[in-house]
């Protein structure tokens, strides 16, 4: 797992276990030395964040079962769930959702995961779809505003011209297609301004 994973973990093992570091397994360390579970690197990243970014499902479950904190944040305010999404690890996203990850948590810029995913390209539509499928207590607030612009995820998608994401959002129950940001702009205003003609056509067919 690049610069912190097994290699970096070996350093932690050596410090805690001395000469036994070469003979004890990663699983044994996780189970018996829980103090290691939530250790963070210089960027505030934990082992769960690393496993989530890599999509290592076995390790994700092992760490959570051993007491890893789902809500720990790195220096950018991002949790393991963020790292799974940014790593485009859909299976990890599903697992973390099922284990109780907070889908509404904002990063240091005030963006939720749905904001960030909606503002990215076509390849992110599966992530958006997974987020929109959350139900019950973990159900995502589709009209959540970011802290900077007062914009919803639909604003982000329309601004970038991501028509597949726009379609997913418009089909979601409770979507406010006429929501205004801090400048008084609706998602349709942004699509028109950016000349995303296909998005404009779609929005006009939906917005009353």
- Message: Condition check: touching a helix residue (DSSP H, G or I) at 6+ places or on another chain (Cβ under 7 Å), part of a helix (DSSP H, G or I) and within 23 Å of residue 71 (Cα to Cα). Does residue 117 satisfy that?
- Response: yes
- Item | Criterion: at pLDDT below 95, buried (at least 17 other Cβ atoms within 10 Å of the Cβ), in a loop (DSSP other than H, G, I, E, B) and at negative phi - qualifying residue of 181, 146, 173 | 146
- Which members of the stretch 73-99 meet the condition of being more than 16 Å from residue 129 (Cβ to Cβ), under 13 Å from the mean Cα position of the chain (by Cα) and outside any helix (DSSP H, G or I)? 73, 74, 76, 77, 78, 79, 87
- Item | Some residue of the stretch 31-39 being within 29 Å of residue 134 (Cα to Cα) and either within 24 Å of the chain's Cα centre (by Cα) or at pLDDT below 90 (or both) | yes
- Task: Output the residues belonging to the stretch 184-195 that are part of a loop (DSSP other than H, G, I, E, B) and either under 14 Å from residue 153 (Cβ atoms) or in contact with a helix residue (DSSP H, G or I) (Cβ under 7 Å, 6 or more places away or on another chain) (or both).
- Result: 186, 194
- Verdict on residue 24 being part of a loop (DSSP other than H, G, I, E, B) and modelled with pLDDT under 90: yes
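The values are calculated or read from the model by the stated rules, or taken from the named source; none is laboratory data. Note that the structure is a prediction, hence the values are computed from the model and not measured. We place every Cβ from the backbone using ideal geometry, glycine too, and count neighbours over all the protein chains shown.
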